Amino acid sequence: MPDFAEAPSIHIEVVSFSDPEALGLLDALTAELAGAGYTTSETFGYTVEQLEQSSVHLVAARVDGTLVGLGGLELQENRTGELKRFFVTPECRGAGVADALIAALIDYAVDHDVDRLRLETGDKQLAAMAFYRRHGFAVVPRFGPYVNSATSVCMERALTDGGVSRAGA
């Protein structure tokens, strides 16, 4: 476990879905969602194969050499990107890891001409929704596979408004 006596040094890197540490974090996310009471059909989690087939860009955060968070971005039609499998280990939450991850994903999206980012989260994920709101996301009507999911909350953020808007804008 990283030491947070001082502000942590967070290193963001692209990782492979076959990376054992990344797989461990994906499993931890799945377990956390199950522990929150979501059924498998309510989690909409991509398998590793689906993530690879969808060419999801996966980034991870390291603190003191340990992988402590990850997030993916799927490039979709109409200059849209969807955040996938965003997770930070509980002991590293509130230390800036999620902020660093989302900044890297937003920069990647902007570099790939994405105009808007969207995501789906669960209705019990109050901290996640607050985090996304803090980063400019707003609740929108459910889209795609989430339309009929009573537990899904969909959010979206424009990345351009007359110019390029990066993570902190």
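The values are calculated or read from the model by the stated rules, or taken from the named source; none is laboratory data. Only a predicted model underlies this, so the values are computations on that prediction, with no experimental measurement involved. Quick reminder, even Gly has a Cβ in these numbers, built from the backbone with ideal geometry, and neighbours come from all protein chains shown.
Observations on the model:
- Among the residues making up the stretch 47-80, those that are assigned to a strand (DSSP E or B) and of a type in the set (A, V, I, L, M, F, W, C) are 58, 59, 60, 61, 63, 67, 68, 70, 73, 75.
- Residues located in the stretch 25-46, provided they are surrounded by 13 or more Cβ atoms within 10 Å (Cβ to Cβ) and either hydroxyl-bearing (Ser, Thr, Tyr) or assigned to a helix (DSSP H, G or I) (or both): 25, 26, 28, 29, 30, 32, 33, 34, 38, 42, 43, 46
- Residue check, residue 93 in contact with a strand residue (DSSP E or B) (Cβ under 6 Å, 6 or more places away or on another chain), among the basic types (Lys, Arg) and either at pLDDT 95 or above or closer than 18 Å to residue 29 by Cβ (or both): no
- Within the stretch 104-118, tally of residues that are under 23 Å from residue 67 (Cα atoms) and either modelled with pLDDT under 95 or buried (at least 18 other Cβ atoms within 10 Å of the Cβ) (or both): 4
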